[in-house]
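Trainee: I'd like to ask you about the structure that follows.
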């Protein structure tokens, strides 16, 4: 069960810190480092609401150097979390970017100090709708304020302040993580030396909003959702959340990847069964994705985080002139897209590049040839890794970071 | 309520016919012409099962000429029905192809005799899982045998036999209707003078199966589905069926069409509400599509018909050599696709054309430039209508059909 009482809500202290070592297996205290901000440090939200008494869970990898100049903030995607590499104590699986992050890897933790914060609204230790509202002692559920990408970034900045990191060497993220990267570079240009937005966009398209709405309706239409108060009834909208995940999962893969991986191959059978069992491998795969997801993710968090993505619109915040979001930006950018990504197609990345060009920004843009779709940034893609490593290496040299 | 007892199941007569005039408003007898086949005329199904005592509902428009040579069979898509033009008595709306079919229109009912049969497994009068099994007196629900596109076509052939139509002048259909067209031309080449498969494929792709599986899981995950026996409990899996429709609906439109129609426009409001209401027009539109769909469609029919589409694989039935499905075909084909259709992309149509070319068939192929996506075949698309009309006119002349 995901509800936990928070022993460390600071009533008198501004910030309390708990860095309990993760207990594999996912007990109620299995999350790593957590920072709790007391009532004197409320978080001002885009909606106008203020969040009083909130906690941010995060992981760090590597070592912060003496002048605090080697920090990389990795921003996770919709269903990601702070466990970037090594084991995720909650799922027992390897971190979601273990391919890329670690000693000697592309994001080399022997050289860089890597931080990843579970987003505000998430369900892996940071305050979200599945957590207990300290003011009521009950789960927030839908009384949790609706948050935005900018709110997530504000909360991350609070963590960085606590860690004494004034400027990030780099902020990196794919998909929703990329939205956070863009928000970081736009809102705090002086705090970002370099930025790598990957497979992302400055706004969610109508099609993207539509897919998210299908997922939300699947969750909210599940009788076990109970108007969001399922935790009070000790149930969970499992079926709805699984369907939301299945629909979303299709958008993460390209048609070509689905064809290559599954085609019309049957699942452990010689011929079709004339029934509604998972005859096809692709059906079995999707059902599996749905069922493992509901074990690790909170349905209300899914609602809040998808909403934050839908609301993101960096141009709208600047009178529809996107370049103003990057006015005289000093940040060095590397914008990356994948040819077969139809959720955030290359067109979206080009729009970012055009806006940066209009500000004469330092920007490199690489479209990676891949048939793996949106999820390519999570997968083994040597050209992508080479691009990312190359950019980081050049920027690190410019920043004066020592080689390991 | 969709369950009806069938007064006309022929026990002693081979075929009984009821041509009650449609009663607008959708009473239990609102369906038009119906043919009921008695126990001495069972339908042999691909699954090996036989369907004993079944009814096919159909509509006709125009007049069959003296030598019965001017009949066009229109095959409807997944959620279509036999009400091609004029008013649909069940929904009260215009027929789904009213733009194309009627006196003086592209499919001119002054010249052609148009027939459309509600598919086997459907829910508009033809026998399907929502109908009563005459052997038990209870709704078929999941005891209904799983059917295929070929089964649908066999049942249509029974109707044509009854109408005394030996050869169709043309068989036309889009999407699942196009699968039926291909099946007709392949299984009964001598009964088809010409064929127009539109926005279709000889097999469902992994991505298409995946989207269908999401829809099925949404329905089957709805607690009101009750293992398929919802009619016995006087409930219906409304939420699940609506989600299935919403997910499918996204695939019927192109990303460009969604952008053009909706973009990020808000629904009757000046700014976002920081909530889970339908802030965006595209959300409101999708919710509306879901809610009107559940009023007119049966959830179990949705399961059966999507399954039939998933199972369709014309090449697999011919040892993976697609051209064998059209061996020495005498049929004149016009294959039509739309540039922005990502559900059945032009690549799928090209595959049909290549197979027909390999048999030196008489085939014309037109890819229509459109940004409307898969649904373009249902919408105002002058180039498409010109193509269809031109092909029909030429074929009619060859067939010796008089101009009206």
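Trainee: Please verify whether region A:371-386 includes one or more residues that are surrounded by fewer than 18 Cβ atoms within 10 Å (Cβ to Cβ), touching a strand residue (DSSP E or B) at 6+ places or on another chain (Cβ under 6 Å) and under 22 Å from residue A:103 (Cα atoms).
Mentor: Looking through region A:371-386, at least one residue is surrounded by fewer than 18 Cβ atoms within 10 Å (Cβ to Cβ), touching a strand residue (DSSP E or B) at 6+ places or on another chain (Cβ under 6 Å) and under 22 Å from residue A:103 (Cα atoms).
Trainee: With respect to the numbered conditions (1) facing chain B (nearest Cβ under 8 Å); (2) over 26 Å from the mean Cα position of the chain (by Cα); (3) surrounded by fewer than 21 Cβ atoms within 10 Å (Cβ to Cβ), which one is the sole condition not fulfilled by residue A:313?
Mentor: If we test residue A:313 against (1) facing chain B (nearest Cβ under 8 Å); (2) over 26 Å from the mean Cα position of the chain (by Cα); (3) surrounded by fewer than 21 Cβ atoms within 10 Å (Cβ to Cβ), just (2) comes out false.
Trainee: Quick one: would you say residue B:259 is within 8 Å of chain A (Cβ to nearest Cβ), within 30 Å of residue A:340 (Cβ to Cβ) and part of a loop (DSSP other than H, G, I, E, B)?
Mentor: no
Trainee: Say we look at region A:44-67 and pick out the residues that are at positive phi and touching a strand residue (DSSP E or B) at 6+ places or on another chain (Cβ under 8 Å); which of these is modelled with the lowest pLDDT?
Mentor: Once the filter is applied, the top-ranked residue is A:53.
Trainee: Additional query: Only one residue in B:195, B:185 is more than 14 Å from every other protein chain (Cβ to nearest Cβ) and either surrounded by fewer than 24 Cβ atoms within 10 Å (Cβ to Cβ) or outside any helix (DSSP H, G or I) (or both). Which one?
Mentor: Among B:195, B:185, only B:195 is more than 14 Å from every other protein chain (Cβ to nearest Cβ) and either surrounded by fewer than 24 Cβ atoms within 10 Å (Cβ to Cβ) or outside any helix (DSSP H, G or I) (or both).
Trainee: I'm trying to understand the selection: among the residues of region A:265-286, which are surrounded by fewer than 21 Cβ atoms within 10 Å (Cβ to Cβ) and facing chain B (nearest Cβ under 7 Å)?
Mentor: Hits for region A:265-286 are A:272, A:274, A:275, A:276.
Trainee: What do you reckon, is residue A:252 modelled with pLDDT of 95 or more, more than 9 Å from chain B (Cβ to nearest Cβ), in contact with a helix residue (DSSP H, G or I) (Cβ under 9 Å, 6 or more places away or on another chain) and buried (at least 20 other Cβ atoms within 10 Å of the Cβ)?
Mentor: Yes, satisfied.
Trainee: Another question, then. Scanning for something more than 11 Å from chain A (Cβ to nearest Cβ), modelled with pLDDT of 95 or more, buried (at least 16 other Cβ atoms within 10 Å of the Cβ) and in contact with a strand residue (DSSP E or B) (Cβ under 6 Å, 6 or more places away or on another chain), does region B:217-237 turn up at least one residue?
Mentor: Checking region B:217-237: at least one residue is more than 11 Å from chain A (Cβ to nearest Cβ), modelled with pLDDT of 95 or more, buried (at least 16 other Cβ atoms within 10 Å of the Cβ) and in contact with a strand residue (DSSP E or B) (Cβ under 6 Å, 6 or more places away or on another chain).
Trainee: Residue under question is residue A:172, and the condition is that it be within 14 Å of chain B (Cβ to nearest Cβ) and under 15 Å from the mean Cα position of the chain (by Cα); does it hold?
Mentor: So residue A:172 does not fit the description; no.
Trainee: Among the residues of region A:296-308, which ones are part of a helix (DSSP H, G or I) and either surrounded by 21 or more Cβ atoms within 10 Å (Cβ to Cβ) or without any contact (Cβ under 8 Å) to a residue 24 or more places away in the chain (or both)?
Mentor: Within region A:296-308, A:299, A:300, A:301, A:302, A:303, A:304, A:305, A:306, A:307, A:308 qualify.
Trainee: Would you mention how many residues in region B:35-59 are within 14 Å of another protein chain (Cβ to nearest Cβ) and not in a loop (DSSP other than H, G, I, E, B)?
Mentor: 3
Trainee: Within region A:249-286, which residues are closer than 15 Å to residue B:216 by Cα and within 27 Å of the chain's Cα centre (by Cα)?
Mentor: Across region A:249-286, the qualifying residues are A:250, A:282, A:283, A:284, A:285, A:286.
Trainee: If residue A:141 passes every condition in (1) closer than 25 Å to residue A:314 by Cβ; (2) in contact (Cβ under 8 Å) with a residue 40 or more places away in the chain but one, which one does it miss?
Mentor: (1)
Trainee: Do you know which residues across region B:92-140 are out of contact with any helix residue (DSSP H, G or I) (no Cβ under 6 Å at 6 or more places or on another chain) and in a strand (DSSP E or B)?
Mentor: Scanning region B:92-140 gives B:94, B:101, B:102, B:107, B:108, B:113, B:114, B:115, B:116, B:132, B:133, B:138.
Trainee: Do you know which residues across region B:315-332 are under 26 Å from residue B:398 (Cβ atoms), assigned to a loop (DSSP other than H, G, I, E, B) and touching a helix residue (DSSP H, G or I) at 6+ places or on another chain (Cβ under 7 Å)?
Mentor: B:329, B:330, B:331
Trainee: Test residue A:177 against the stated conditions and say whether it is assigned to a helix (DSSP H, G or I), within 23 Å of residue A:81 (Cβ to Cβ) and in contact with a strand residue (DSSP E or B) (Cβ under 7 Å, 6 or more places away or on another chain).
Mentor: Yes.
Trainee: Shifting gears a bit: So, in region A:239-248, of the ones that are at the interface with chain B (Cβ under 8 Å from one of its Cβ atoms) and in contact (Cβ under 8 Å) with a residue 40 or more places away in the chain, which residue ends up farthest from residue A:370 (Cα to Cα)?
Mentor: If we take residues in region A:239-248 being at the interface with chain B (Cβ under 8 Å from one of its Cβ atoms) and in contact (Cβ under 8 Å) with a residue 40 or more places away in the chain, then A:240 is farthest from residue A:370 (Cα to Cα).
Trainee: Is it the case that region A:172-187 has a residue that's over 25 Å from residue A:201 (Cβ atoms) and not assigned by TED's automatic domain parsing to the domain that holds residue A:297?
Mentor: no
Trainee: Continuing with the same structure: I'd like to know if region A:73-91 contains one or more residues that are modelled with pLDDT of 95 or more, part of a helix (DSSP H, G or I) and farther than 22 Å from residue A:202 by Cα.
Mentor: No, region A:73-91 contains no residue that is modelled with pLDDT of 95 or more, part of a helix (DSSP H, G or I) and farther than 22 Å from residue A:202 by Cα.
Trainee: Go through region B:317-334 and give me each residue that's surrounded by fewer than 23 Cβ atoms within 10 Å (Cβ to Cβ) and in contact with a strand residue (DSSP E or B) (Cβ under 7 Å, 6 or more places away or on another chain).
Mentor: Result: B:332, single match.
The values are calculated or read from the model by the stated rules, or taken from the named source; none is laboratory data. Treat the numbers as computed from the prediction; the structure is a model and nothing was measured. Please note: Cβ atoms are built from the backbone with ideal geometry, for glycine as well, and neighbour counts cover all protein chains shown.
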